[in-house]
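The values are calculated or read from the model by the stated rules, or taken from the named source; none is laboratory data. Given the structure is predicted, the values throughout are model-derived calculations rather than measurements. Here the Cβ is made from the backbone with ideal geometry for all residues, glycine too, and neighbour counts use every protein chain on show. With ligands, DNA and RNA removed, areas are computed over all heavy atoms of the protein, side chains included. Shrake-Rupley method; radii C 1.70, N 1.55, O 1.52, S 1.80 Å.
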Amino acid sequence: MTYTTLVSAETLHQQLNHPDWIIVDCRFSLANTEAGAKAYRHGHIPNARYAHLDKDLSSAITDFTGRHPLPNFALLAKKLGDWGVTNTSQVVVYDDAGGAFAGRLWWLLRCMGHDKVAVLNGGIKQWQKQGLPVTTTLPTVKPATFRPYLNEASWLSALQVQNNMAKKSICLIDARTPERYRGKQEPVDPVAGHIPGALNRAFQLNLDSNGLFLSAEQLREQFNQLIGTTVPEQVVHYCGSGVTACHNLLAMEYAGLTGSKLYAGSWSEWIRNKNRAVAKD
């Protein structure tokens with residue numbers, strides 16, 4: 001069976017030693033960028049590799065980009081090969097933040113034509129809650145070749161967002177908390193507020209009190225309420241830097257609302273240009 005959205009801890013445990021299953025630990029903290037790598041060294045799911053949000057899943061910040069610009073896809077493809085990922089691998093990604101960071105690699109792989117990738121539902125917290133094993137042993141990796149088939153239609157530029165919003169041809173969804181969306185607080189970026197016309201759905205709403213995704217039916221109902229008559233292909237997600245927005249995109253895919261896109265630069269890129277409008281409340 002192929003997993004393309006979510007996979008349970010039980011299923012992953014059954015497949016732990018399957019040679020075609022590649023596990024990637026994506027733990028990260030915006031407040032301490034080395035905390036994820038440290039947590040990985042202190043204990044990870046057996047056979048997991050580690051992917052660093054800044055060093056592996058993003059490229060360098062410039063004067064015109066947001067905080068997590070898209071990576072160089074050729075470099076990422078080489079890293080994936082170095083981690084043993086082939087075009088037929090079943091990849092499983094996880095973190096300790098409900099999928100907030102793992103969703104980034106899930107989305108990147110899909111952009112590169114690799115749909116056999118799933119986020120571990122509940123992450124390492126759910127794994128440990130079930131008493132499943134963790135290890136400090138680094139995996140033995142057999143390097144492979146990963147060939148990307150890049151789909152650049154998976155994301156929009158700032159100009160495309162601007163033009164499509166002006167034409168009212170997309171439904172833009174902001175994945176940040178309501179406080180940040182409304183501009184009441186902004187702990188990360190120098191300007192508070194949101195892109196005019198954007199709707200708000202904090203990505204945390206996709207999870208239940210145990211940190212597991214809501215059912216596909218619940219998510220479908222909630223997203224349909226939000227987007228109304230807009231078809232999923234015309235929905236575009238953004239957040240602070242294009243990372244947690246992938247969580248809403250994943251939730252829609254899991255709900256069967258397929259084909260939504262990402263404004264990869266997100267808010268931190270949008271505000272780099274003072275000519276772009278900002279809304280509050």
| message | Report, to one decimal in Å, the Kirkwood hydrodynamic radius for the range 156-252 based on all distinct Cα pairs. | response | 14.0
| What shape does the range 1-125 have by the C-alpha gyration tensor, where a ≥ b ≥ c are the square roots of the eigenvalues, rounded means a/c under 1.5, and otherwise prolate means a/b greater than b/c and oblate the rest? | oblate
| Simple spin-label model, 7 Å along Cα-to-Cβ: Leu150 to Lys167 in nm? | 2.4
| said: To check you understand DSSP bridge types, tell me what percent of the beta bridges within the range 132-281 (both residues inside) are antiparallel, rounded to 5. | reply: 15
| said: Can you list residues from other chains, or at least 5 along the same chain, whose modelled amide H is less than 5 Å from the amide H of Ile23? | reply: Arg49, Val92
| task | Using only alpha carbon pairs under 8 Å that are at least six residues apart, calculate the relative contact order of the range 147-281 and give it in whole percent. | result | 32
| query | Got a sec to turn the phi values of the range 264-281 into Karplus ³J(HN,Hα) couplings, 6.51 cos²θ - 1.76 cosθ + 1.60 with θ = phi - 60°, whole Hz, x for Gly and Pro? | reply | 5, x, 6, 4, 5, 7, 3, 7, 5, 9, 5, 7, 7, 5, 10, 10, 10, 6
| query | Fully extended, how many nm does the chain gain between Ala35 and Val141 (0.36 nm per residue separation, minus their Cα-Cα distance)? | reply | 35.8 nm
| message | I want the local charge near Leu70. Using Cβ-Cβ distances under 11 Å, sum +1 for each Lys or Arg and -1 for each Asp or Glu among the other residues. | response | -1
| message | Please give the Cα centre distance for the range 127-162 versus the range 203-281, rounded to the nearest Å. | response | 19
| request: Please give the FRET efficiency for Phe64 paired with Asn17, using the beta carbon to beta carbon distance and R0 = 51 Å, rounded to the nearest 0.05. | output: 0.65
| query | Tell me, what HN-Hα J-couplings in whole Hz come from the Karplus equation 6.51 cos²θ - 1.76 cosθ + 1.60 at θ = phi - 60° for each residue of the range 36-53, using x for Gly and Pro? | reply | x, 5, 5, 4, 4, 5, 7, x, 9, 5, x, 6, 6, 8, 10, 10, 8, 4
| said: As an exercise, find the ratio Rg/Rh for the chain from alpha-carbon atoms, using the Kirkwood inverse-distance average for Rh. | reply: 0.95
| request: At 1.4 Å probe size, with every protein chain present, just tell me what the per residue accessible area of the range 188-281 comes to in Å². | output: 41
| field | Surface per residue (accessible, 1.4 Å probe) for the range 12-59, Å² | value | 45
| Per-residue ³J(HN,Hα) for the range 132-147, Karplus 6.51 cos²θ - 1.76 cosθ + 1.60, θ = phi - 60°, Hz, x for Gly and Pro | 7, x, 10, 9, 9, 6, 6, x, 8, 10, 9, x, 9, 10, 10, 9
| task | Please tell me the relative contact order of the range 42-91 in percent, rounded to the nearest whole number, where contacts are Cα pairs under 8 Å and at least six residues apart. | result | 24
| Using a ≥ b ≥ c from the Cα gyration tensor of the range 33-100 (square roots of the eigenvalues), is it rounded, prolate or oblate, where a/c under 1.5 gives rounded and otherwise the larger of a/b and b/c decides, a/b for prolate? | oblate
| Heavy-atom accessible surface of the chain: percent carbon and sulfur, 1.4 Å | 51
| Where in the chain lies the longest segment free of chymotrypsin sites (Phe, Trp or Tyr not before Pro) that are both loop residues by DSSP (not H, G, I, E, B) and have at most 12 other Cβ atoms within 10 Å? | 150-281
